[in-house]
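Written out below as structure tokens is the structure these notes cover.
The values are calculated or read from the model by the stated rules, or taken from the named source; none is laboratory data. Bear in mind the structure is a predicted one, so any value in this text is a computation, not a measurement. Glycine gets a Cβ as well: all are built from the backbone with ideal geometry, and neighbour counts include every protein chain shown. Quick note on the areas: whole protein, heavy atoms, side chains included, nothing else; ligands and nucleic acids left out. Shrake-Rupley method; radii C 1.70, N 1.55, O 1.52, S 1.80 Å.
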Protein chains: 2
Amino acid sequence: MTEQHFSFAKSIATVSLSGTLPEKLEAAAAVGFDGVEIFENDLLTYDGSPADIRRIAEGLGLAITIFQPFRDFEAMPENIRVRNLDRAERKFDIMQALGTDLVLVCSNVQPSAIDDDIRAAADLAEMAERASRRGLRVGYEALAWGRHVNTWKHAWDIVQKADHPALGLIVDSFHTLSINDDPAGIADVPGDRIFFVQLADAPLMKMDVLSWSRHFRNFPGQGELPVDDFLRAVLASGYRGPLSLEIFNDDFRTAPARQTARDGLRSLILSEAKAGYGKGLPEPPAFDGFEFLEFAVDEQAKEDLAAFLGSLGFRHAGRHRSKSVELYRQGRVNLVLNSEPDSAASEHFQMHGPSVCAMALRVDDADKAVDRAEALLYGTWRERIGEGERRIQSVRAPDGTLVYLVQPDQSGHSIWEDDFTLFPETEESGLTCIDHVAQALPFGRMDSFILFYRGVFGFVLEQLWELPDPYGLIQSRAIVSPDRSVRLPLNFSESRKTATGRFVSATAGAGVHHIAFATDTIEKTLTSLTKADAPMLPVPANYYDDLAARLGLDDDVLSDLQRFGLLFDRDDQGEFSHAYTETFEERFFFEIVQRRGGYQQFGAVNAAVRMAMQTRLREQTQIEDFLS
Amino acid sequence: MTEQHFSFAKSIATVSLSGTLPEKLEAAAAVGFDGVEIFENDLLTYDGSPADIRRIAEGLGLAITIFQPFRDFEAMPENIRVRNLDRAERKFDIMQALGTDLVLVCSNVQPSAIDDDIRAAADLAEMAERASRRGLRVGYEALAWGRHVNTWKHAWDIVQKADHPALGLIVDSFHTLSINDDPAGIADVPGDRIFFVQLADAPLMKMDVLSWSRHFRNFPGQGELPVDDFLRAVLASGYRGPLSLEIFNDDFRTAPARQTARDGLRSLILSEAKAGYGKGLPEPPAFDGFEFLEFAVDEQAKEDLAAFLGSLGFRHAGRHRSKSVELYRQGRVNLVLNSEPDSAASEHFQMHGPSVCAMALRVDDADKAVDRAEALLYGTWRERIGEGERRIQSVRAPDGTLVYLVQPDQSGHSIWEDDFTLFPETEESGLTCIDHVAQALPFGRMDSFILFYRGVFGFVLEQLWELPDPYGLIQSRAIVSPDRSVRLPLNFSESRKTATGRFVSATAGAGVHHIAFATDTIEKTLTSLTKADAPMLPVPANYYDDLAARLGLDDDVLSDLQRFGLLFDRDDQGEFSHAYTETFEERFFFEIVQRRGGYQQFGAVNAAVRMAMQTRLREQTQIEDFLS
């Protein structure tokens, strides 16, 4: 743990969570927030009084940090100005009933607003004066799409002009970062003149900023805006008020409120730590690839999967000393087939069918990693162990599967020597290690997984791809360890008819959809696999015609690729050859890959070929089943 | 029917349809397309040869109108230029195997492309020369996001510079209209120099044009681009080749291919007719509001719904002479409760539960309207009728429900006098007519419904609203008859947890979600309803606090609204007061509305209040059910 520093109160706007207002408050309190922003629309659709909300919040131990938003107030024509001040008085009534002293005024978006900072400042000063008579305060925030005021600096200029102690500045990372405005200068604003800080991230998108803001914001650490830089600048000002999340997100509106709220709190803990405050977090571990993957199987699936793996050159390398668990091995790849009754694996099998129930990563320090996960509110797990067996730490991923963290033992023994009876080595087919493990996520869950892998493990997000399946688009984005020894493409699909969508439905969202094994000699490997009758996915001849035209490959290179049924990609860094197996029981499949030079991608350009062929095979099987 | 003119061959690009390549071809042929564009990605993921595709297409009676796209060809640095010509030769091989003579070259998007029209023209001339040696042709199209060439005029300049008979221009409505380029000048291009015409529409969106194009295109008549103007200009050139649809749309990728293809063909028939070509279409009818709504019920639901309607002041006004069908009436509102066994209504009830199974609109000429629907490939239906009963024409909407078209009878009799035994009148509560009928559509079906109502009835699309339900956003968009006597808000939700999403799941997509009745005396009406214990939806007091602040209403106006439980809206045109009932068996509900002045909206600003209250009531009921 790093040195303990000032901890900020953590708050979330009710608009960020799904449900009725009481449900939102309950969720925020349940996961541990200190306060909530009351979003006006949530209040006015609620059939209890503001005083009822105050009581509910107090009962839950939640402060009401702010009431928001108050819109289109400043610098209006005179007749509206008077009405707006009346409107403010009515909202002050509500604030007093709610028991909050702060209201957020966002910059005017009305076409009739007057471009006059003096007017704006005078109006805000008048509102602040009226507020202060009731012991209330006003914060002024620049909307990125404000009519005349759309930068924090401009809002701050107006606040300074107004020069009223009950009027301060409110800053929001999205409004600043979405228009590429520089937050650095916020550090020079006196901290006590910043009345409130809202944080939001977002994926980078090319669209109008209002639509972007209203639908695609997400929690800091889930998107691509430099929220950390923003927060460092803000905290350098000396601001010590709440850090609050205000997220408009279509998925969050639908997701269970507690799940969203928990991710929100995690994001604030993470942001605070990165800025050098809060309780501190241990650093993420260093990684050294995959130690093993564990499959939940029953006896029949174990037999079938063992035969499948056998055709890929895996050998039965060991048997667990006390459990019904078998080890299959090739190179550095360890695959564990777990059919132990009454285990976490058997529970997983009941729920999801034959599937990967755990992934084990090699790390330098498992304890620190688990401490970090716990500080970020993720569940951890300790597997039941036999006499003399190794205890393996693990962290629960957002889909409930386990990520084991295996560190080198002082004894020098591997976990296999400790826990398994090992069998002698036999011939292999050249697979050296796990290159990547691709997961299919339920729609709307990508942000949760990104936060998990970035937050707990310090992984790095890669480029977003859109992959055309015959029945819809699949979004694919890899997240990788900084050393790239662990690579996890994450896929999801809005359509339930795509391979990804079908997988999610069929398996009730069991993550791992395919596993890629690396080889340095892919042609030799595929020769072995063919001999062993491995069920490889065929590649259409048309693919090679296009490849030839597209990349201008030599005829002999091309005919080699075609002979071995290889897909191919090339970029500035290097080359990539790969082949897929058929799908195991309509669930997961394997890939054989060889990287040459510095190629770091996953052959996304070829994904459409794979998915079309998988669809053809599946539909053929269905027709044959129907006819037989 | 208008005079018969030249009919264009109708074609669709395979990328517009879901499935494997043979499935796409089968769907296009089944609905009656003349040809298909083979989208290259569909070919290269297909595990048969181009000659196989040629045979399949021939067997289905489909021409292969074009092979597309050939990308990033012209004006490249010299080394790539040579490779690109080789690439073209390989694609020519494929075209000959496919049996198509035309390839689409789209303007170069590569950063390394040279901004030199002379080079571009020379390269295209060289490609055309090589093509012509094989009896093939090349069409050049400007992409809206082309590196140097992004307008049809610029592409046409280059084609003229190249001056080769095997090189022509290709125009695409999306690429021209998405960047607000003027298509008028296309009329002056010699028609035989335009080699191909692609049509696509799109909703107006503020985002980068590439993303817009790749995800949100739709069929002409489904979007908001002036495709008709574009087509008129193109056809004025004398072009007589195919009209072809090239649609990239996320929903279409997932929807059943035949359903999409049929909408595509409808859109081409409609576009052609609007441009003054093809077999012609009768004009849409003139409308005069709703004649009746028909509910599919069983005996129990009939009794419950009759009681519900009774509390709203409807009286039992008649009984069908030969069927188990009851008429409830008030003002001009006729509601028919159909529990006749073995009828279309009873089928509807089996599938969807108690729900609206048909809507009847008053029109000036039902026969012409049905002719128009049939010309646009929509199903029509004639209800079984008894001796001396009126035959009512109807058209089948995309959800399978019937839209009856009732026209004034020469006898002067209403349909009720002919078919029903009518009962004497009793006191009513002031409802005068049906103001609007709101439908909930399954996700991804909006475009089909828009095409239906616009195409068959000539309805007009209104503003898109996003309505926040406690569990997700709802998109809402009204489509109305030109005289506004028929107004149909169409709603859909990506989330299954919203009121709209739940309705679609619970009813298997039975359209009508709520019915609004108009009154000219809403306070009197609500007084009657309260006396009759009508189950009205309560409105939170907070709503009125906000309304007062927002609109600056007089205290007595406000207290009247609150006393009668009315929601309120105001715009430049007029005012709107409305109230909702509770939901009937978790399915549909009613609304009472009064419009004042020229207010033409639907009170969308108040929808969040309604949905929050409906959610509260539903969850309370669930808790009570759970506790009891």
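When every residue of the stretch B:147-155 is checked against the conditions, none turns out to be farther than 25 Å from B:R214 by Cβ and either not assigned by TED's automatic domain parsing to the domain that holds B:N218 or not acidic (D, E) (or both).
In the stretch A:516-530, the residues that are in the same structural domain as A:L566 (by TED's automatic domain parsing) and among the hydrophobic types (A, V, I, L, M, F, W, C) reach residues that are surrounded by fewer than 19 Cβ atoms within 10 Å (Cβ to Cβ) and not in a helix (DSSP H, G or I) with C-beta atoms within less than 6 angstrom, at least six apart or across chains, in these pairs: A:A518/A:T432; A:A518/A:C433.
Applying the set (1) more than 14 Å from chain B (Cβ to nearest Cβ); (2) open to solvent by less than 10 Å² (accessible area, probe 1.4 Å); (3) more than 33 Å from the chain's Cα centre (by Cα) to A:F590 leaves exactly one unmet item: (3).
Applying the criterion of at least 3 residues that are away from every other protein chain (no Cβ under 14 Å) and open to solvent by 30 Å² or more (accessible area, probe 1.4 Å) to the helices (runs of 4 or more DSSP H) found wholly in the stretch B:486-576 leaves B:522-531, B:555-563.
Given the structure, is A:R384 at pLDDT below 95, open to solvent by 70 Å² or more (accessible area, probe 1.4 Å), touching a Phe, Trp or Tyr at 6+ places or on another chain (Cβ under 9 Å) and not aliphatic (A, V, I, L, M)? Considered against the rule, which asks whether it is at pLDDT below 95, open to solvent by 70 Å² or more (accessible area, probe 1.4 Å), touching a Phe, Trp or Tyr at 6+ places or on another chain (Cβ under 9 Å) and not aliphatic (A, V, I, L, M), A:R384 comes out as no. Summed over the stretch B:79-92, the residues that are open to solvent by 40 Å² or more (accessible area, probe 1.4 Å) and either within 22 Å of B:E246 (Cβ to Cβ) or of a type in the set (V, I, T) (or both) give a count of 2. In the set (1) more than 14 Å from chain A (Cβ to nearest Cβ); (2) touching an Asp or Glu at 6+ places or on another chain (Cβ under 8 Å); (3) open to solvent by 20 Å² or more (accessible area, probe 1.4 Å), the condition left unmet by B:Y599 is number (3).
Would you call B:N108 open to solvent by 50 Å² or more (accessible area, probe 1.4 Å), modelled with pLDDT of 95 or more and out of contact with any strand residue (DSSP E or B) (no Cβ under 6 Å at 6 or more places or on another chain)? Here the answer is no, as B:N108 does not meet what is asked.
For every residue, the table says whether it meets (1) in contact with a helix residue (DSSP H, G or I) (Cβ under 9 Å, 6 or more places away or on another chain); (2) open to solvent by 50 Å² or more (accessible area, probe 1.4 Å).
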site: A:S112; (1), (2): yes, yes
site: A:R119; (1), (2): yes, yes
site: A:S132; (1), (2): no, no
site: A:G135; (1), (2): yes, yes
site: A:Y140; (1), (2): yes, no
site: A:G146; (1), (2): yes, no
site: A:K153; (1), (2): yes, yes
site: A:A162; (1), (2): yes, no
site: A:P165; (1), (2): yes, yes
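Taking the criterion of being open to solvent by 40 Å² or more (accessible area, probe 1.4 Å) and within 11 Å of chain A (Cβ to nearest Cβ), the only residue of the stretch B:1-35 that qualifies is B:E23. Across the stretch A:612-623, the qualifying residues are those that are surrounded by fewer than 21 Cβ atoms within 10 Å (Cβ to Cβ) and under 19 Å from A:R587 (Cβ atoms), and the one among them that is nearest to the other protein chains (Cβ to nearest Cβ) is A:E619. Return yes or no: is A:L281 under 17 Å from the mean Cα position of the chain (by Cα) and either at negative phi or not assigned by TED's automatic domain parsing to the domain that holds A:A29 (or both)? Answer is no for this residue.
Within the stretch B:431-472, being hydrophobic (A, V, I, L, M, F, W, C), open to solvent by less than 30 Å² (accessible area, probe 1.4 Å) and within 14 Å of chain A (Cβ to nearest Cβ) holds for one residue alone: B:L467. Scanning the stretch A:96-105 for residues that are within 14 Å of chain B (Cβ to nearest Cβ) and crowded, with 23+ Cβ neighbours inside 10 Å returns A:V103, A:V105. Would you mind stating whether B:G139 is over 29 Å from B:N180 (Cβ atoms) and not in a helix (DSSP H, G or I)? It is false that B:G139 is over 29 Å from B:N180 (Cβ atoms) and not in a helix (DSSP H, G or I). Just one of the listed residues (A:I53, A:I38, A:I80) is more than 28 Å from the chain's Cα centre (by Cα), modelled with pLDDT of 95 or more and within 14 Å of another protein chain (Cβ to nearest Cβ), and it is A:I53. Would you confirm whether or not the stretch A:593-602 contains a residue that is hydroxyl-bearing (S, T, Y) and at pLDDT below 95? The answer is no; no qualifying residue exists. Going through (1) farther than 30 Å from B:R81 by Cα; (2) within 14 Å of another protein chain (Cβ to nearest Cβ); (3) outside any loop (DSSP other than H, G, I, E, B) one by one, A:N606 falls short only on (1).
With respect to the conditions (1) buried (at least 21 other Cβ atoms within 10 Å of the Cβ); (2) among the aliphatic types (A, V, I, L, M); (3) in a loop (DSSP other than H, G, I, E, B), A:M76 lacks only one, and its number is (1).
If you go through the stretch B:159-194 and keep only what is farther than 22 Å from B:W145 by Cα and in contact with a Phe, Trp or Tyr (Cβ under 7 Å, 6 or more places away or on another chain), you end up with B:V189, B:G191. Among the strands (runs of 3 or more DSSP E) confined to the stretch B:387-478, the ones with at least 2 residues that are closer than 21 Å to B:P203 by Cα and touching a residue at least 60 places away in the same chain (Cβ under 8 Å) are located at B:431-440, B:460-469.
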